Amino acid sequence: FFNNKADGSLEGKKVLVTAGPTHEAIDPVRFIGNHSSGKMGYALAQECRKRGAEVVLVLGPAPAILQQDLSGITVVKVTSAEEMYQACMDHFSSADIALMAAAVADYRPATTSEIKIKKQEPGLELSLVKTRDILASLGAVKTSRQVLLGFALETNDEERHALEKLHKKNADYIVLNSLNDGAAFGADTNKITIYSKTGEKSGFESKSKTAVAQDILDTIIKTGTTTI
Ligand code: CTP
Ligand code: CA
């Protein structure tokens, strides 16, 4: 599957990366979202490009895009989880590897008002419905020649939850982000553990997101033969 395991090259491979938050519109001026900085996804996209891959970055409304060097990367900008889902479905079938680093909103408003909602008494009740799970949707159509990697952010029972996500979403790898030890939204460092569907577990020290991206790609390339 990988041409040259020794040098970690991704020459000739197409990689789909998602990054950033999604925004779910309440009305024309308001949304539900989260604080994802997009930094982990940028680091992955940049590291894949450096290793010679063709990279498509499906990017939600992340705040730090202007500071990023995205030359040589095809950027598909989206806003909502549904748009991110469509963009991923468009690009996944031709991708060899998909790295799902986006912090997709789990819920969206059941209806979006076309006009600004006026302030009202005594308050406003919003009805929310679940968004589509993009990682699980890709897992459902994945072929044995494709590598699918997701993330998991947990505060408790980390390993159990990460393994549940790995199996439920039919991913090949789940990268567990530990909130303990310096990892957080917006931070430049991350402490991860990678779980593979073949049962391996690799733990890493807290390091820069660039170094974390290298560890993730090295792990996939080293253990990826099972997906041939
Ligand atoms: N994910 C996705 N689509 C969603 C929600 C999550 O593709 N609608 C992906 C994320 O990009 C990530 C992985 O699923 O790679 C895990 O996201 P996470 O929020 O940790 O897990 P959830 O399944 O949403 O469960 P919960 O938030 O309840 O822990
Ligand atoms: Ca979630």
- [ ] Using only the Cα atoms of region 97-228, build the gyration tensor, take square roots of its eigenvalues as a ≥ b ≥ c, and label the shape rounded, prolate or oblate: rounded if a/c is under 1.5, else prolate if a/b is larger than b/c, else oblate.
- [x] prolate
TODO: Could you check how much of the accessible area of region 55-147 is carbon and sulfur, as a whole percent, using a 1.4 Å probe?
DONE: 51
Open item on the list: Could you sort 31, 151 by their accessible area in this structure, using a 1.4 Å probe and putting the largest first?
Closed with: 31, 151
TODO: Can you spot the lysines whose alpha carbon is less than 17 Å from residue 201's alpha carbon? Ignore those fewer than 8 places along the same chain.
DONE: 165, 191, 222
Open item on the list: Below 12 angstrom from the Cβ of residue 39, what's the summed charge of the other residues (Lys, Arg +1; Asp, Glu -1)?
Closed with: 0
Open item on the list: Give me the net charge for the shell around residue 79: Cβ to Cβ below 12 angstrom, other residues only, Lys and Arg +1, Asp and Glu -1.
Closed with: -1
Task: DSSP bridge orientation in region 113-211 - percent antiparallel, rounded to nearest 5 - done: 60
Task: the chain, helix-only ellipticity at 222 nm - DSSP H runs n ≥ 4, -39,500 (n - 2.57), divided by all residues, nearest 500 - done: -8000 deg cm²/dmol
Task: Top of 15, 29, 175 by mean-square fluctuation, Gaussian network on the chain, Cα under 10 Å - done: 29
Open item on the list: Rolling a 1.4 angstrom probe over the protein chains, ignoring ligands and nucleic acids, what is the accessible area of residue 208 in square angstrom, nearest 10?
Closed with: 50
Open item on the list: Report the rotationally averaged projected area of the chain based on its alpha-carbon convex hull, in square nanometres.
Closed with: 13.3
TODO: Enumerate lysine pairs in region 1-130 that are 8 or more residues apart or on different chains, then count those whose Cα atoms are under 21 Å apart.
DONE: 9
Open item on the list: Tell me the net charge near residue 159. Cut-off is 12 Å between Cβ atoms, residue 159 excluded, with +1 for each Lys or Arg and -1 for each Asp or Glu.
Closed with: -1
Task: Most mobile listed residue (104, 129, 56) in the chain, GNM with C-alpha springs under 10 Å - done: 129
- [ ] With springs only between Cα atoms under 10 Å apart, run a GNM on the chain and tell me which of 190, 34, 156 wobbles the most.
- [x] 156
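The values are calculated or read from the model by the stated rules, or taken from the named source; none is laboratory data. Here the structure is a predicted model, which means the values were calculated and not measured. With ideal geometry, Cβ positions are generated from the backbone for all residues, glycine too; neighbour counts draw on all protein chains shown. The area values use the complete protein model at the heavy-atom level, side chains included, leaving out ligands, DNA and RNA. Shrake-Rupley method; radii C 1.70, N 1.55, O 1.52, S 1.80 Å.
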